[in-house]
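Read the structure below first, then the notes.
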Amino acid sequence: MSERVIADSNARELVARLRRGDEAAYRELVLAHGGRMLLAARRILRNEDDARDAVQDAFLSAFKALGHFEGQSLLSTWLHRITVNAALMRLRSQRARHEGEIDELLPQFTEAGGHFVRRPVAWAESADAPLQREETRALVRGCIERLPDTYRVALLLRDIEGLELDELAAQLGTTVNAAKIRVHRARQALRTLLDPHFTGAPA
Amino acid sequence: MNCDEVLSRAYDYFEHALSPDERALVDRHVAGCPRCGELFAKAREMSCRDFSAGCGELVDGTAADERRRLFERHLSICRACVAYLESYERTLKLAKSAHSIGAEQLEALEERLVDAILAARKQRG
């Protein structure tokens, strides 16, 4: 609690200095927040140069919009949103996007009864135990990378970047319901990709 | 037909894979047996396909009460969907932790990039 209050008052002071055009304050802002912003940009963009460019775009947008920063949200949250926007803009402008069919990664059902064609098998109990292990985390990141971009981005924004459904819908340019369905399918597809690693079934 | 015989045919019943005679026997038993009647009623309410399509709402806690009860009724008769739901929830947890930041991972921007950002700001006035 107290750390948060201190962080808030520091941020307010920093914003006030930025608005006065204090050069050192700009450097402080970039040093304090750039690392976290670069990580967010890397999650969305597959290429390191693109991620750096997105961070630069984000800072330039933020400098321009400082007058609009209300101070109601945390400075870090505000910068995070701007970074996500900048990264998505870059992703949209890329010609070689990774788009693919999601259908083959979704569960299939029998026509008449609506039963699973491949009956789900319970995952091994230990599936959560190695959660902290970097190996498991790398495996999951690799599987997320394999999702078609449309779905990968929906999952990232909702479940990892923590956007609310209405924000997500606005970012994706869809209705809230369509955004919800996209996130759900992305999770289902990710589940399919992870499944063989946690049931011991052949991939 | 007794309960066991009916239950062993339940899958084929809903797949429309029983002969008309067998189907009639199952129907007759189900109509007179409260336990099997309840089970078949639950199976009619929601298929695994519907469960799978909607289980995200259940996990996110956005399902309305009535709909949540339907999901729970389906889960009470379907081990496949219990397994599916569990692995879906674990997928979500794994996704969330896959990108969590450890202190060691958080690096400051390279000086070169910091300078580039500050220079670009001045250029654009």
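Every number in this text was worked out from the coordinates using simple rules, so none of it is lab data. The structure displayed is predicted, hence computed values, not measured ones. We place every Cβ from the backbone using ideal geometry, glycine too, and count neighbours over all the protein chains shown.
Structure data summary
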{"quantity": "Options B:L58, B:L25, B:A116, ranked by Cα towards positive dipole end of chain B, top entry (Cβ charges)", "calculated": "B:A116"}
{"quantity": "Two-site label geometry, B:Y11 and A:S73: point separation in nm, points 7 Å out along Cα→Cβ", "calculated": "5.0"}
{"quantity": "Within a Gaussian network of chain A (alpha carbon springs, distance under 10 Å), most fluctuating of A:E125, A:E70, A:E164", "calculated": "A:E125"}
{"quantity": "For B:C33, residues with placed amide H under 5 Å, excluding near neighbours", "calculated": "none"}
{"quantity": "Estimated FRET transfer efficiency when R0 is 45 angstrom, pair A:M89-B:R67 (beta carbons, to 0.05)", "calculated": "0.75"}
{"quantity": "Residue among A:R12, A:R133, A:R42 with the largest mean-square fluctuation in a Gaussian network model of chain A, springs linking Cα atoms under 10 Å", "calculated": "A:R133"}
{"quantity": "Shielding of B:2-14 by partner chains, average beta-carbon count, 10 Å", "calculated": "1"}
{"quantity": "Label-point separation in nm, B:E45 to A:V176, each point 7 Å along Cα→Cβ", "calculated": "2.6"}
{"quantity": "Nearest-0.05 FRET efficiency for A:D166 and B:K122, computed from C-beta distance (R0 41 Å)", "calculated": "0.65"}
{"quantity": "Cβ charges +1 (Lys, Arg) and -1 (Asp, Glu), total dipole of chain B, debye", "calculated": "400"}
{"quantity": "Top positive-direction residue, dipole computed over region A:63-203 with Cβ charges, set A:H115, A:A138, A:H98", "calculated": "A:H98"}
{"quantity": "Whole-angstrom Cα spans of region B:32-101 along principal axes, big to small", "calculated": "59, 23, 16"}
{"quantity": "R0 of 51 Å, Cβ-Cβ distance B:K93-A:A16: FRET efficiency to nearest 0.05", "calculated": "0.80"}
{"quantity": "Karplus-derived 3J(HN,Hα), 6.51/-1.76/1.60, for each residue of region B:66-79, Hz, glycine and proline x", "calculated": "5, 5, 5, 5, 4, 4, 5, 5, 5, 4, 5, 10, 10, 6"}
{"quantity": "Region A:28-106: relative contact order as a whole-number percent, Cα under 8 Å and 6+ apart", "calculated": "37"}
{"quantity": "Nitroxide proxy distance, nm - points 7 Å out along Cα→Cβ at A:H98 and A:E111", "calculated": "3.5"}
{"quantity": "Unit charges at the beta carbon, dipole of region B:31-125: most positive-side option, B:P34, B:S47, B:L106", "calculated": "B:P34"}
{"quantity": "Highest to lowest packing among A:183-193, B:30-40, A:80-90, scored as the average C-beta count within 10 Å", "calculated": "A:183-193, A:80-90, B:30-40"}
{"quantity": "Residue mean of other protein chain beta carbons inside 10 Å, B:81-93", "calculated": "6"}
{"quantity": "Integer Hz, Karplus 6.51/-1.76/1.60 couplings in order for region A:177-187, x for Gly and Pro", "calculated": "5, 5, 5, 4, 5, 5, 5, 4, 5, 4, 5"}
{"quantity": "log₁₀ of I(q)/I(0) at q = 0.15, 0.19, 0.25 Å⁻¹ - region A:35-130, Debye sum with one point per alpha carbon", "calculated": "-0.75, -0.88, -1.20"}
{"quantity": "Prolate/oblate/rounded call for chain B, Cα gyration tensor, a/c under 1.5 rounded", "calculated": "prolate"}
{"quantity": "Largest-first ellipsoid semi-axes for chain A, taking √(5λ) over the Cα gyration tensor eigenvalues, angstrom", "calculated": "38, 19, 16"}
{"quantity": "Long-range HN-HN contacts of A:L147 with modeled amide H, under 5 Å", "calculated": "none"}
{"quantity": "Region A:31-171, relative contact order [Cα under 8 Å, separation at least 6], %", "calculated": "22"}
{"quantity": "Amide H contacts under 5 Å for A:F109, placed H, 5+ residues apart", "calculated": "A:V117"}
{"quantity": "Helix-derived mean residue ellipticity, 222 nm - over chain A, DSSP H n ≥ 4, -39500 (n - 2.57), to 500", "calculated": "-21000 deg cm²/dmol"}
{"quantity": "Point-charge dipole on Cβ atoms (K/R +1, D/E -1) for chain A, about Cα centre, debye to 20", "calculated": "200"}
{"quantity": "Relative contact order of chain B, pairs being alpha-carbon contacts under 8 Å that are 6 or more residues apart, as %", "calculated": "18"}
